[in-house]
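Shown next, in structure tokens, is the structure this report addresses.
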Amino acid sequence: MDVSFPQLSIVIACYDQARELKLTLASFLNQTLPAQLFELIVVDDHSPTYEARDVVARYRLEHPEVSLNYVRQHRADGGQYGSSARAKNIGLRLSRGKYVFFNNAEIVQAGETLSYILEVMESSSTPLCLRGTVLDLPYEELEEKTPAQLEALHDETDRNRERVATADHAGLAVAPRAMLLAVGGNDERFDYWGKEDLDLAVFDGAGIELDDLVREEIILAMPGHTLCREECQGLCPHCGTDLNASACDCAEKQIDSRWEKLKDIRF
């Protein structure tokens, strides 16, 4: 394994989340994966303050062994939490790792997360969505807790709360950097929660609307031509003769009578 460059780049998109960023960065600075194998890139999507920058600066001083960088995107519209695709693409372009892991600022990771990601990616090199037990708690219940205390809280979580990432917005997607660059990164038209992949997450207000998605999947799954068996010849589209029983006299190419006069045109 070449360790001259980090193997894994963690891109953390944030907007006005300095206090959550403290916990998230702390979780990445206490990983079982050796520090030289990963880098952290925090992309601030034009937050109203510079508190996220100050958080990163403090951790850089406390952890000089970790590659930790901060970049702030200027946006004429002032930025917003939901539209992280552009911010993630900035992090992607700045990344040096073989693989890129997108993680939002409010998602604290378990200590073995990066070791697991690198092991899986090295064995498959295909995109990965993480699955695991998710513990949803307000920031106030997590503040001032050590990484060890957070791990203990996580270990006590009911395993029935296990779930898979519903979309890249959740910050649980990993892919080879070369693959991401080849497809142009994240589609920057994705400008609100869940729009990253409508096949995986459609959420609006207090409910999930599935009618249109289910209808679309059913229609796409239906064959273009309904046949009784694979070798069925079907019916003649002109006279309706069962072509399995007999042939018909219809010409192979019939011209719509409305276009018949075009046959007489000579160039």
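Here is the result for the range 80-129: no trypsin sites (Lys or Arg not before Pro) lie in DSSP coil with at most 12 other C-beta atoms within 10 angstrom of their C-beta. Going by neighbour counts of Cβ atoms within 10 Å, the residues Glu39, Glu122 line up, fewest first, as Glu122, Glu39. Sorting Arg258, Arg75 by the number of Cβ atoms found within 10 Å of their own Cβ, with the fewest placed first, yields Arg258, Arg75.
The ranking of Ser246, Ser27 by Cβ neighbour count inside 10 Å, starting from the fewest, reads Ser246, Ser27.
Rule-based calculations on the coordinates, nothing more; no lab input. These figures come from a predicted structure and were not determined experimentally. Glycine also receives a Cβ, built like all others from the backbone with ideal geometry; neighbour counts cover every protein chain displayed.
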